[in-house]
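The structure appears right after this line, and notes come after that.
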Amino acid sequence: MASVVPLKEKKLMDVKIGELPSWILMRDFTPGGIFGAFRRGQGGRGRPEMDLMGLARLFSSPRLLGLSVLQHLCPRRARWAGGREGPSWLQATGLTWSTPAAFSSSLSELPPGPGNQKNTGGLSSDLSQPSPTATPDEEEEEESFGTLSNKYSSRRMFRKSTAQLYNLRIGGQSVEEDEERELEPKSWRGPGNSPYWYFLQCKRLIREGKLAEALDLFERQMLKEERLQPLECNYTVLIGGCGRGGYLKKAFRLYNDMKKRDLEPSDATYTALFNVCAESPWKDSALQSALKLRQQLRARNVQLNLKTYHALLKMAALCADLRMCLDVFKEIVLKGHTVTEETFNFLLMGCIQDKKMGFRYALQVWRQMLSLGLKPSRHGYNLLLGAARDCGLGDPEVATKLLLRPIEETALLQSPAGRRQARKIAQAGVGGGMLARLHVEALERQLFLETSQALEGPPDLQEAQSEVDTTEEPNHTVALTPVALQPSLTGLKANLLSLGTVPPTVVSLGTVATPADRLALMGGMEGFLGKMAEHGLQPDIKTLTLLAEVVAPGSPEESSLLATLDVHHVEADVTFFNTLMRKKSKLGDLEGAKALLPVLAKRGLVPNLQTFCNLAIGCRRPGDGLQLLADMQKSQMTPNTHVYSTLINAALKRLDYAYLIDILKDMRRNNVPVNEVVIRQLEFAAEYPPTFDRYKGKNTYLEKIDGFRAYYKQWLKVMPAEEIPHPWQKFRSKPKQGDQGSMMEADVDRGLGGR
């Protein structure tokens, strides 16, 4: 059994930290005790720890006493001291020691021994004539003094380890170091770049669709690493990139940072801010931010240019309503800006937001644009087709009073005070600014004209109508002819896109309920394309796709669309053929929709997931739906949630629960995530009928629904749910180099699966 060494006899390097105060109190710090400690060896035997020559050098050298003791006791920790003089900051304290006389006298009192005589002789010679030279053996002994305990340790326990554990520990440390290295901002060691160079780089990245990389380049490398002072253009280009993606929060954060740096925003900055409000996916919060910004600009009396007003008008069209659009339009006119056809295009976008009467509003704005002598663009015609597809005409009587009259008679619908004011201004010959303001106010009254006001009309017009009614021949029919529904009865087609007079046989508008009826009011497909040719415009693929959506299903106009593509030399795309397939599938003509697939392949186009989704609309029988799934598997295309949702909808209409279970089995086999729409459909299918009573009699329908409910309950436990990504997620984090390929593949799959 090993004996325990007393604390008093332990060396300094063997003393633990907790035992250090007690060990210090046990030491003898008197001159005799210090001298005896230097003379004692290991256990009182052998060579002393420090001979007299070393002790003399300790007190005779010009170095610091504490530094010399530290070097003798622990040479490795004292190597930082450098040369013989020590650090300059320690010399400034004046803590240098000289050889004390008392110590020299104490040396002379030593007993005359051979060893002592040798040592004292060397000491006296060293003190009388100090020489810096020393033998290599003495220097080596001096450097190794006090380092013997480094070879041994006071540890009594050792833990065994394996190579595998060591590798895991080293691997974990390397991973943590890599993560810390990624989080810490790296110092930029390249050549210094100017803020304008960063402006060009961010502009290039934004054009390539890499907004996250542009933000990272600006915030990390330019601001944190190079610590450059940004310019106004650096913030403006990033706010513009956020505007294209609808990144509202980041855009206004950059704008606030721009103001904190005392940078003056330009007109392009305000244009980008209003544009990001228009493109934001959350319209309510975007409208509040835009209104607050507009109020701040008014308080500071900032004059906006026409481009900024167009961005504000776009925001009002997409986030607010038509009344706010007209308010901005009136401000544009009052500020003296020249109204262009682009201004009216934004007004048309505001008209489309009203699904009930947006088509009538669009026609009125279009006629007002033509009355000002402005030439419409192709984008304006596309907006008209969008209004015809999505919006209604409103009250037919009000539409008749406003659309079937000439433009001069329509101007009489404004109030008598407004007519007198316009007459005075025309007689006085006032400039066009006030007259343009009156035109805007008249347009606003006509757009939001109530039914009672439209039916009353001006008195002169009522008298003229009464005279016409009394002088008519009894054989002449003036019945209300539905222009949109029965154009062939009159032999004429009304085109409300022109400012000319309507044929006299057209008395009023009938029921306009479908997009094809609204297209007939614009002259049909032939008259619409004719009006475009009058203004020197050629249709593009978007125009013809919109025409394919609004023409009557199965009509000759629909059959002539492919010929129209060749006449105007327009290259077709998959979206155009998908529109035709969807219309045929909705009519139940699955074979007619499939007949377009060879035409698609003949033009060098490849079907996508949207093509099969449109074909699934026409699969009303179980055999057609299962065959479609088999064809997609042969084509190596995995059905998405939209395809399965369409097939589930068809199975619910037929109450075919066996077909529904087959669809769910195929969905489980392909591991397609489930969205909210599919869950809502299946929950409706799993509900019992309201008059269900299992005790009245046997019902085969209820037996099938019980089997479906049992399978549906197990099916829900194993199916994954679809995660809807945040619209701003792709802008917030910069993808790593290794993950770019996987992210690109995910984006391609999402683009094919989405509509």
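A few comments on the model shown:
- For the peptides 342-348, 637-643, 723-729, 683-689, the ranking by packing is 342-348, 637-643, 683-689, 723-729, with the highest mean count of neighbouring Cβ atoms within 10 Å listed first.
- Each part gets one Cα centre, and for the range 3-38 versus the range 194-217 those centres are 68 Å apart.
- Of all lysines in the structure, those lying under 16 Å Cα to Cα from LYS586, and not within fewer than 8 positions of it along the same chain, are LYS594, LYS653.
- Simple Cβ-charge dipole of the range 359-408, Lys/Arg +1 and Asp/Glu -1, about Cα centre, in debye nearest 20: 200 debye
- Estimated translational D of the range 507-560 in µm²/s (Stokes, Kirkwood radius over Cα pairs; 25 °C; 0.890 mPa s): 206 µm²/s
- Amide hydrogen proximity for VAL674: with H placed 1.01 Å from N in the peptide plane, the residues at 5 or more positions away or on another chain lying under 5 Å are ALA721, GLU722.
- As a ratio to 2.2 N^0.38 Å, the alpha-carbon radius of gyration computed for the range 193-320 takes the value 1.03.
- Listed peptides 654-665, 669-680, 707-718, 390-401 appear in the order 390-401, 654-665, 669-680, 707-718 once ranked by packing, highest mean of other Cβ atoms within 10 Å at the front.
- Listed pairs LYS314/LYS542; LYS283/LYS713; LYS665/LYS730; LYS542/LYS665; LYS224/LYS249 exceeding 31 Å between Cα atoms: LYS283/LYS713; LYS665/LYS730; LYS542/LYS665
- Panel order for LYS730, LYS696, by other beta carbons found within 10 Å of each beta carbon, from fewest to most: LYS696, LYS730.
A short reminder: the numbers here are calculations on the coordinates, not readings from a lab. Note that the structure is a prediction, hence the values are computed from the model and not measured. Cβ: placed from backbone, ideal geometry, glycine included. Neighbour counts: every protein chain shown.
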